[in-house]
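Every number here is computed from the coordinates shown, using simple stated rules; none is lab data. Because the structure is a prediction, the values reported are computed rather than measured. Neighbour counts are summed over all protein chains in view; Cβ atoms, including those assigned to glycine, are modelled from backbone coordinates with ideal geometry.
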Amino acid sequence: MRRERSRCGGEWNSTPFEYRTPPVFWVSRGGRQKVVRPHRYALAIELGRPLTDDEVALHEVCDNPICVRASSEALGRPHVVLGTQAQNLAGMGAKGRGGGRGQTWHWYGPDRAARAARSRALREAVRGGWDDEAVQAAFLHTDTPTLF
């Protein structure tokens, strides 16, 4: 199975109010404050309703924690889609995350530290405004060994 490379550059990445991976922010609903992650909020806007407690916003294409591309109208397939916790756990296992040991012969992609470093580099690239070259450099920098 082929995994697509991250194509969620541009306006499809959230910028944080805090230096976290992934970032969070607060919304008020019914007089109470609630923590919401940007990808869940983007999906709720796309659906036109809040997500229920049983619904999960899945990063289906890019697996980039700060991607908020939930729209299907721009640039093809959405990266953040509606799913269930069962689908979320199955994806987590398929990507070698979440405890237990993965197959030693299977490369699951960058580890947690590498994904966090990529997210931080991307956030830093857009901290002062959008800079295409800095964003591309943040996405393309990797310590992943190459074939040649």
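Across region 122-128, computed HN-Hα scalar couplings (Karplus, 6.51 cos²θ - 1.76 cosθ + 1.60, θ = phi - 60°) run 5, 4, 5, 5, 9, 4, x Hz from first to last residue, x flagging Gly and Pro. Here V27, V126 are placed in order of increasing Cβ neighbour count within 10 Å, fewest first, which gives V27, V126.
Taking other Cβ atoms within 10 Å as a rough exposure proxy, C62, C67 sort from fewest to most as C62, C67. Each residue in D54, D132, D63, D111 was given a count of other beta-carbon atoms within 10 angstrom of its own, and listing them fewest first yields D54, D132, D111, D63.
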